[in-house]
Structures are given as C-alpha cells and as structure tokens.
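The values are calculated or read from the model by the stated rules, or taken from the named source; none is laboratory data. Since we're looking at a predicted model, the values are computed, not measured. Every residue, glycine among them, receives a Cβ derived from its backbone with ideal geometry; neighbour counts consider all protein chains shown.
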Amino acid sequence: MYGLTIFLSAFLLFQVQPIIAKMILPWFGGSSAVWSTCMVFFQGLLLLGYLYAYGLHSRLSPRRQAIVHTALLAASLALLPVLPDPSWKPTGAENPSLRILGLLAATIGMPYFLLSTTSPLLQAWYSRARPGATPYRLFALSNLASMVALLSYPPLIEPNLPTRLQGQVWSVGYGGFALLCAALSWRKGNPVAETRNVDESDALPPGWKLCALWLSLAACASILLLAVTAYLTQDVAAIPFLWILPLAAYLLSFILCFEMPRFYQRAQFLPLLAAALAVMVYLQMPDSPRLKVGPKVAIFVTGLFVCCMVCHGELAALRPHPRHLTLFYVMVSLGGVIGGVFVGLVAPNVFNSDYEFPIGLGLCATLAVAALMRRRKPWLRAGLAALLAGYFFCLGLVVRHEVEGFRVVERNFYGRLRVEDVGVAGQDDAYRKLVHGMINHGEQMLNETYRRSPISYFCPDSGIGRAMRTRRDGETRRIGILGLGCGTLAAYGRPGDTIRIYEINPLVLSLAQGEFSYLRDTPAKVEVALGDGRLVLEQEPGQQFDILVMDAFSGDSVPVHLITREAFQTYFRHLKPGGIVAVNISNKYLDLQPVMESAAAHFGKIALSFSFTAGDDDFLCFSNQWVLVVDPSLPGRYRDLLGAGQVLRGNRGFRVWTDDFSDMYRILRWRRQEL
C-alpha cells in the first residue's frame, strides 16, 4: 500500500512537469528559459511539501495528521483538471518569469504541493508503523517512478495524446491518488500507531555543519542539472526530449545511491568525475570541436550523471537516523531550490553571460576535493589543492571566452546575446554578427560595398531572396517579419514599402538599432511590434501582407507554436490573395520539411522547398533552407518559383501539428542517421 501510493504520486509528480511546460511554452516565445523557470517552481513547491511533511509529522498527533491531510486532498480535487487559463498569456514583451510562476501556482499549485509531500510523509508514517524497517528504499522507489514518468513521455505520451487530453488523463490519475492517499492515512495501525523505535531517543539531531553539507551537495547537483539542460536546449531546441534526458540522469543517480548505497564507491566514481569535469570544460573552451547533436547530448548527459552520482552518493552516505529523515529531505530540497533559483531567476537577471555552468562545475570539483582531503596526508592535500587551482584556471578561460573580444555581451530571460566584429577592418570579408546563445542570428558586412546587401541566410539566391525579388517595377509591398535578428531582411525594402517586424525580445531590437544599420539604411517604412509574433498577430486586424516571413528561432529551431495549424491559419488571415508565407527551416538538428508540407496540405496550399549550398569561397551567403507556402493558383509573376523550388510531397503517417499536438522527437535528424 505504501509502495503503490508513493509510486503513483511520484509518477504523477514528474509526468505533469513536461505536460504543463509544453502547454505554456508557446505563450512565452518557446524559450528554453521557460523550462528553467518551471523547474524553479517545481523545486520550490517540493521544498514546501517537505517542510509541510516535517511540520505535520513532528507537531501533530497521527489522528490530526490524517484529518489535515485528507482535508487538503479533498480541497485539491476542486482545482481539476489542470489546464492553464488563456488569460495568463503575456500581453507584451515584459519579463515573463513572475507570470509563469503565477500561472503554475494557479493551475497545478495545490495538487503538485500535495504530491510533493507524499514521499517524506509516507516514509515517516512507515517508519513509525514498522519499527526497524528501512524507509529510504521507498525514496528510491519514488525516484524510479519519477524516471519512468519522464522517460515514457517523449516516445509514448507526447506523440499519441493531444496536450489537452494529457492534462485531463493526468487529472483522473490524480483523483485516484487522492483517494488512495486518504485511505492510507486512516488505515488502522499505520500512522495512528504510536510505536517508536527503541533507539529513537538516542538519535542525536544533525549539526549545522552536516546540514550545510547536505545543502551544498544538493544545490550543486541542481545547478548542474539546469545548466546542462539550458546548454543543450539553447543550441538545439526547447523540446521535452532535451528537458527529460538530463532530469532522468539526475533521478537515476538518486535511485542508485539510495536503493543500492554500495553502488557508489569513491575509488570508482571520483576518477570518473575528474574525467567528466575535464571533458565538459574542454568542450566549452575556444576552438574545441563542434560536436553533432547525438554525441553532444550523450557526453553532457553522461557527465551530468557522473557529477550527480558523486553528489548524491555523498548525500546517501551522510543520511541520518530515520527519526530525522524529514529534516534531511527538507535540507536536500532546500539545496535543490537554491540551485534552481540561482540558475532560473538570479543568473538571467544578474549575469551578462552564461556563467552558471562553469560555477556549477567549479562547485562540484570543490566538494569532491573537500571530501578527499579529509584525514589525508599534507602532501596529498597540497596536490589536490593544486589540481583544483588548475581546474579553476581552465574555468576562468571558459568564462573569459564568453565575453572577451565581443563588442556587446548582454542577457535577459530569452538568453544571451553577443555582438562581435570578425575579420580585418577595411577588408571585403570583414563583418559584424549577432550571436544568440551559440547560434548565429544574423550578420552585416562592414565594408561599404556590401553593407546594405542581404547576406547570410537571406542572400538573393536563398528561398526568401527569390520571393523578395518577384516584384514588378514600381510595385510597393507590405512585408511582415516574425523575428528581427540584426534586421537583414530590411535590405529588401524599397521606397513605398512597409516592413512590419514582430520581435519578442526587446534586447534584440536595441542591438539591431544600435549595432547594425539595416533598419536605418532601408528606404522602406519600418514598424516594430514588441511581443510574441503570433500572439500579436492574433490580436491585430488583417495586415494584408504580400509576404509574411517566419524567421523566429529559439536555439537552433523554430518555436513549435509558430508552425502549427493554428499559426498558419493566423498567417493566412493576414495575407493578400496570392500572398506568400516564407519559413526559414535552416537547421542542423531538426528536419522540419514534413511539418511544412502537412500544414500546407491542410489548407490546400503547396510547400516549396529551396535549399542553397554556399561555396567555400562565398563569404556573403550561408547554406540555408527555406520553405515557401503558396497558393496553387499563383499569379503569373510567381510562376518561376514553382520551377525553382522542390514541391514537398506528403509524408505518409505524419500528422499535421496543432497547438494541441506536436512531436519534435520524431523529426530529430540524428534519429534518421543524418548527423
């Protein structure tokens, strides 16, 4: 009964995390920071749940514990189903962190809180009802259930159930849990029994030094979990698959360390830790090899697992007498919250670059060296201190690489932005580029000859270049652009044209206006609307665009909510008859062609793919891929586009993506052995 209740609660606790995060991701620009903010909320409520379990168990009689807990379970059922209210959608370009936290509190706050209390509370009840039994195995069982919940989501839940139905099914499962937990709280002979272990009175409370060590080890693992997740999602895409893998590695370390304490052996894992720390810092050094997505994910998730094994292995070795297990869990949870707040809230608002990953690696190395230094000979301590100093020197090089040589380095909720000048001033190939995270988001040549030319992904031979050049002499056009970058597409503007740009990140607008000149140089009229492009378009009257360009990126991928059926329906509402929707799908990690074709076919349109491969000596153009979604009865002047592009054919079994359904795991290129 205890095992079943704890397993179900932990399964629901971690299954709802990707469900709710995926639901709200489109409302906040598809940014990887949405998951980090969600994790702050999850860890914070987990801490409150552990504090509640600690207070309930230590201050109330067993009967009163049952009354209070049953009443809260009953009250939480009134909040089902866990479906976010659209009124929480942002209205502009404000920092969304507090809005996300408020949305989560209103939607899943009470159910998530009660689920988080289950493991420590039921372990305490179990320990009291069964003197001499080991409750920590139930903790390992809860982590196993959590990992099953996470690993089942990308291959089973996400591709087969619409998001709304996922929330409804979860709510039914929560109702079953509430009944089971309430029944267990009143079960005769369990929590009501006042039996105590004979040696319980002799179990001394842990001192503050031990509590501080618990806190530090838990915080270190939490920092590395979120830092690795952010590192991967910023470079690839903010998708549940890349949220879940690091979290699964984190939980697996908990399971192994608390279910099989002998699995963690310092003699085995500390050398592995040294190797993991060295590899992860090396891959962030200047001129380190650029890995393909499969090896990159494997290396960093494995490195995270080794680091967490050391942190959690040391925690398991320091666990207290069962009488003090609720305090132990409170300190472990508080450490997790501290790490989450540091990465999810403090770092984006205090740091100008991504320093939290090196900080997490340095903290892990410090804790490992501190563990080894205890009761060691002086010469060995000196050697360990020298190794630690050398590692911090390497971390310093990584941090310096983050900011050195850049004109501007700034950061906000949506990520890190850097502006860099490359090449020798005055040379033809000297240019200035805008980098978001690790992804190039636009360039401008510094030489006057090419300064006003559209380059990189937008050169004249690209798909968007061809669409822009299909105009009659003297014709004026209205062009919509989702995603500003450095403003390159404004180079296609002509006198009389209007270019309306939608940009969610105010920092991007500031850099495009101050560090690049495309917006100043264009003879077209430029309008800028701050906010998520799709949300703003949904609120606007029809714009009558001749061309609507979708060039918004989160990491190296288009945010999902900008390429769903509902998104295209909004785009077509803003087009003139015969207008074109152009989508930049240039991407190393995801094959978005099936998504484009299925959306076009749903509306009776044609998806034309334009792939351009740049030559080795071409410094003006990048290799790129665009899809133009057009009407089959295009006006005559557009006929050459049909001949130049490749018409995408139907992909059997590929479902059109909607706001309620998407499956990015299926279109990962590495699954198709393309990387």
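Residues in segment 532-561 that are of a type in the set (A, V, I, L, M, F, W, C) and either within 24 Å of Gly437 (Cα to Cα) or out of contact with any Gly (no Cβ under 7 Å at 6 or more places or on another chain) (or both): Leu535, Val536, Leu537, Val549, Met550, Ala552, Phe553, Val558, Val560. Go through (1) at pLDDT below 90; (2) more than 25 Å from Phe42 (Cβ to Cβ) one by one and return the number of the condition Ala274 breaks. The failed condition is (1). Remark: pairs (first residue in segment 587-611, in the same structural domain as Ala567 (by TED's automatic domain parsing) and under 17 Å from His561 (Cα atoms); second residue of a type in the set (Lys, Arg) and modelled with pLDDT of 90 or more; Cβ separation under 7 Å; 6+ apart in sequence or on different chains) = Ala599/Arg565; His602/Arg565.
Yes/no matrix, rows are residues, columns are (1) modelled with pLDDT of 85 or more; (2) in a helix (DSSP H, G or I); (3) in contact with a Leu (Cβ under 9 Å, 6 or more places away or on another chain); (4) outside the structural domain of Trp27 (by TED's automatic domain parsing):
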| position | (1), (2), (3), (4) |
| --- | --- |
| Gly102 | yes, yes, no, no |
| Thr107 | yes, yes, yes, no |
| Gln166 | yes, yes, no, no |
| Ala193 | no, no, no, no |
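Any residue in segment 276-292 that is touching a His at 6+ places or on another chain (Cβ under 6 Å) and not in a helix (DSSP H, G or I)? Yes, the conditions are met somewhere in segment 276-292.
Among the residues of segment 337-375, those that are out of contact with any Phe, Trp or Tyr (no Cβ under 8 Å at 6 or more places or on another chain), touching a residue at least 24 places away in the same chain (Cβ under 8 Å) and in a loop (DSSP other than H, G, I, E, B) comprise Phe351, Asn352, Ser353, Tyr355.
Residues that are of a type in the set (D, E, K, R) and outside any strand (DSSP E or B) within segment 398-444 comprise Arg400, Glu402, Glu404, Arg407, Asp428, Asp429, listed in sequence order.
Need the failing condition index for Gln539 against (1) surrounded by 20 or more Cβ atoms within 10 Å (Cβ to Cβ); (2) without any contact (Cβ under 8 Å) to a residue 12 or more places away in the chain; (3) not charged (D, E, K, R), just the number. That leaves (1) as the condition not met. Scanning segment 410-433 for residues that are in contact with an Asp or Glu (Cβ under 7 Å, 6 or more places away or on another chain) and of a type outside the set (Gly, Ala, Ser) yields a total of 6. Against the definition (buried (at least 18 other Cβ atoms within 10 Å of the Cβ) and over 31 Å from the mean Cα position of the chain (by Cα)), how does Leu620 come out, yes or no? Judged against the criteria, Leu620 is a match. Leu482 satisfies every condition listed in (1) at pLDDT 95 or above; (2) surrounded by fewer than 19 Cβ atoms within 10 Å (Cβ to Cβ); (3) within 20 Å of Ile563 (Cα to Cα) except (2). Consider segment 428-463 and keep the residues that are within 24 Å of Asp354 (Cβ to Cβ) and among the polar types (S, T, N, Q). The one that is surrounded by the fewest Cβ atoms within 10 Å (Cβ to Cβ) is Asn440. For first residues located in segment 158-174 and within 19 Å of Trp243 (Cβ to Cβ), partners that are in a helix (DSSP H, G or I) and of a type in the set (D, E, K, R) and lie 6+ apart or on another chain with Cβ distances below 7 Å form the pairs Pro159/Arg666; Thr163/Lys22.
Each residue in segment 246-272 was checked for being in a loop (DSSP other than H, G, I, E, B) and surrounded by fewer than 16 Cβ atoms within 10 Å (Cβ to Cβ), and 2 of them qualify. Among the residues that make up segment 464-473, is at least one of them closer than 25 Å to Thr570 by Cα, buried (at least 18 other Cβ atoms within 10 Å of the Cβ) and under 32 Å from the mean Cα position of the chain (by Cα)? The answer is yes; a qualifying residue exists. Of the residues making up segment 406-418, one or more are in contact with a Lys or Arg (Cβ under 9 Å, 6 or more places away or on another chain) and of a type in the set (Phe, Trp, Tyr). Looking at Phe516, Phe553, Phe545, just one residue is touching a Cys at 6+ places or on another chain (Cβ under 7 Å) and in contact (Cβ under 8 Å) with a residue 40 or more places away in the chain, and that residue is Phe516.
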